[in-house]
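Down below is the structure, laid out as structure tokens.
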Amino acid sequence: ILVQIRTKGPLPISIISGWFLFFLFSSDIARNSRISGNTFFPHPMCIIIGKDVNISGSVVIFDQTSFGKKHPGTICGMPFISGTGLVGSGAKVLGAIRIGGKFVIAANTVVTASAENVSLVGNKCFGAVYFDR
């Protein structure tokens, strides 16, 4: 609920919810990020989502994940994530990339290239990983 208030609420309430996210969960979610209501954070600790990141569809995001620029301090794009998927603990999704379809980003994976309709993003890519929700 705090994430939806942070990204869609009026400015004063958005700022207050941002402080709650920071002090309660050590998470920093930019006000200008676009996160769908179907996004689920089962463990909302230490999640970093940068400005202009777009997360749409049904995505489960675990703790200690980061979504942002590939090269800080430069003018480069942000990740666009859509479809149905899971982002494991400690994953980093960086740069102007697109991830879509049904996907799983394995824990502690650094993703810097687009992956459309890839079942598993990690050390190896497989085409036979199936998950229901």
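The values are calculated or read from the model by the stated rules, or taken from the named source; none is laboratory data. Predicted model, so just to flag it, every value in this text is computed and none were measured. Cβ placement follows ideal geometry from the backbone for every residue including glycine, while neighbour counts extend to all protein chains displayed. When the accessible area is computed, the model is the full protein with side chains, heavy atoms only, and any ligands, DNA or RNA have been set aside. Shrake-Rupley method; radii C 1.70, N 1.55, O 1.52, S 1.80 Å.
Checked against (1) farther than 15 Å from residue 103 by Cβ; (2) touching a helix residue (DSSP H, G or I) at 6+ places or on another chain (Cβ under 9 Å), residue 78 passes all but condition (2). Among the residues of segment 15-30, those that are outside any helix (DSSP H, G or I) and touching a helix residue (DSSP H, G or I) at 6+ places or on another chain (Cβ under 7 Å) comprise 27, 28, 29.
Conditions (1) at pLDDT below 90; (2) over 28 Å from residue 19 (Cβ atoms); (3) open to solvent by less than 60 Å² (accessible area, probe 1.4 Å); (4) not in a loop (DSSP other than H, G, I, E, B), marked per residue:
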{"site": "44", "(1), (2), (3), (4)": "yes, no, yes, no"}
{"site": "52", "(1), (2), (3), (4)": "no, no, no, no"}
{"site": "67", "(1), (2), (3), (4)": "no, no, yes, yes"}
{"site": "73", "(1), (2), (3), (4)": "yes, no, no, no"}
{"site": "78", "(1), (2), (3), (4)": "no, no, yes, no"}
{"site": "90", "(1), (2), (3), (4)": "no, no, yes, no"}
{"site": "93", "(1), (2), (3), (4)": "no, no, yes, yes"}
{"site": "96", "(1), (2), (3), (4)": "no, yes, no, no"}
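Among the residues making up segment 98-120, none is at pLDDT 90 or above and of a type in the set (Ser, Thr, Tyr). Scanning segment 1-18 for residues that are among the hydrophobic types (A, V, I, L, M, F, W, C), over 14 Å from residue 45 (Cα atoms) and either over 16 Å from the mean Cα position of the chain (by Cα) or surrounded by 12 or more Cβ atoms within 10 Å (Cβ to Cβ) (or both) yields 5, 11, 13, 15, 16.
With respect to the stated conditions, residue 56 fails to be open to solvent by less than 30 Å² (accessible area, probe 1.4 Å), modelled with pLDDT of 90 or more and either of a type in the set (Ser, Thr, Tyr) or closer than 25 Å to residue 1 by Cα (or both).
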